[in-house]
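Undergrad: Okay, here's the structure, questions in a sec.
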Amino acid sequence: MTELHETPLNDIPIATTTGTETSLAEFDGKVKLIVNVASRCGLAPQYEKLEQLQKTYGERGFTVLGFPSNQFLQELGSAEAISEYCSTTWGITFPIFEKIKVNGRSEHPLYTELKKATDAEGKAGKVKWNFEKFVVTPDGSVHRFRPRTEPDDPAIVSLIESSLPEA
């Protein structure tokens, strides 16, 4: 469930939906919930719970980071359409990044590193579906939760709360 990585996640370049290059260093010191999202997925209602976590813990040093992926053929075509869907349908305020691949030869380097983490059953490897969640704590530990684990699952909430400074 928890692993430290040789390649610092903060050093991996990522791009915003507008194409601006950045990295996770922008969120250094925060508890990060990294999720591969897809607008047309049956799990898309999880956006609501992701946004609730953002509103509940954002001011204490937490952020959700959404990475759209069409790996499972359920994401909208353009960054503009994805951004509009997220804001108008779910009122998303957390950062959404460029569309990426999470598995295979063209997978994004961020997911190459994240997928080394094991889930509750001790399994690492491929992202199984949209809305797979990775909680990265300020010490660099990565905790993996599979797609059907809701964002407000007690294991996720407990991990977030225990990794944040006292309120």
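Read the figures in this text as sums done on the coordinates, not as results from a lab. Because the structure is predicted, anything quoted here is derived from the model rather than measured. Here the Cβ positions follow ideal geometry from the backbone for every residue, glycine too, while neighbour counts run over all protein chains shown.
Undergrad: List the residues whose amide H sits under 5 Å from the amide H of PHE62, counting only those 5 or more places along or on another chain, with H placed 1.01 Å from N in the peptide plane.
TA: So PHE62 has HN proximity to VAL31.
Undergrad: Please express the shape of segment 70-120 as an equivalent ellipsoid: the semi-axes are the square roots of 5 times the eigenvalues of the C-alpha gyration tensor, given largest first in whole angstrom. Working shown, then result.
TA: Working: eigenvalues 114, 39, 19 Å².
Ellipsoid semi-axes (Å, largest first): 24, 14, 10.
Undergrad: Using label points projected 7 Å from each Cα along Cα→Cβ, tell me how many nm separate THR118 and THR93, to one decimal.
TA: Inter-label distance under the simple model: 3.8 nm.
Undergrad: Also, I was wondering about something else. Work out the FRET efficiency for GLU84 and GLU166 from their Cβ-Cβ distance, taking R0 = 41 Å, and round it to the nearest 0.05. Intermediate values should be presented prior to the final figure.
TA: On the way: r = 38 Å, r/R0 = 0.92.
After rounding, the FRET efficiency stands at 0.60.
Undergrad: So what's the net charge close to THR22: Lys and Arg +1, Asp and Glu -1, counting the other residues with Cβ under 15 Å from its Cβ? Let's see the in-between values first.
TA: Working: positive: LYS30, LYS32; negative: ASP11, GLU21, GLU26, ASP28, GLU98.
My count for the surroundings of THR22 gives -3.
Undergrad: Equivalent ellipsoid semi-axes for segment 1-145, as square roots of 5 times the alpha carbon gyration tensor eigenvalues: give them largest first, rounded to whole Å.
TA: Values: eigenvalues 89, 61, 47 Å².
Semi-axes from the Cα gyration tensor: 21, 18, 15 Å.
Undergrad: Oh, and also: Taking the Cα centre as origin and putting +1 on Lys and Arg beta-carbons and -1 on Asp and Glu beta-carbons, what dipole magnitude results for segment 2-162, to the nearest 20 debye? Don't skip to the answer; put the middle values down first.
TA: Working: 18 positive and 23 negative charges, 107 e Å.
Its charge dipole is roughly 520 debye.
Undergrad: At a 10 angstrom cut-off on C-beta neighbours, averaged per residue, how do the peptides 12-18, 91-97 rank from highest to lowest? Could you put the intermediate results ahead of the total?
TA: On the way: 12-18: 15.6, 91-97: 17.3.
Those peptides, ordered most packed to least, come out 91-97, 12-18.
Undergrad: Under a 10 Å cutoff between Cα atoms, tell me which one of LEU76, LEU114, LEU33 has the largest fluctuation in the Gaussian network model of the chain.
TA: Of the options given, LEU76 has the highest mean-square fluctuation.
Undergrad: Let me ask another. Round to the nearest 0.05 the FRET efficiency obtained for LYS128 and THR56 when R0 = 30 Å and r is the Cβ-Cβ distance.
TA: 0.65
Undergrad: What is the distance in Å between the Cα centroid of segment 139-156 and that of segment 41-59?
TA: Cα centroid to Cα centroid, the span is 13 Å.
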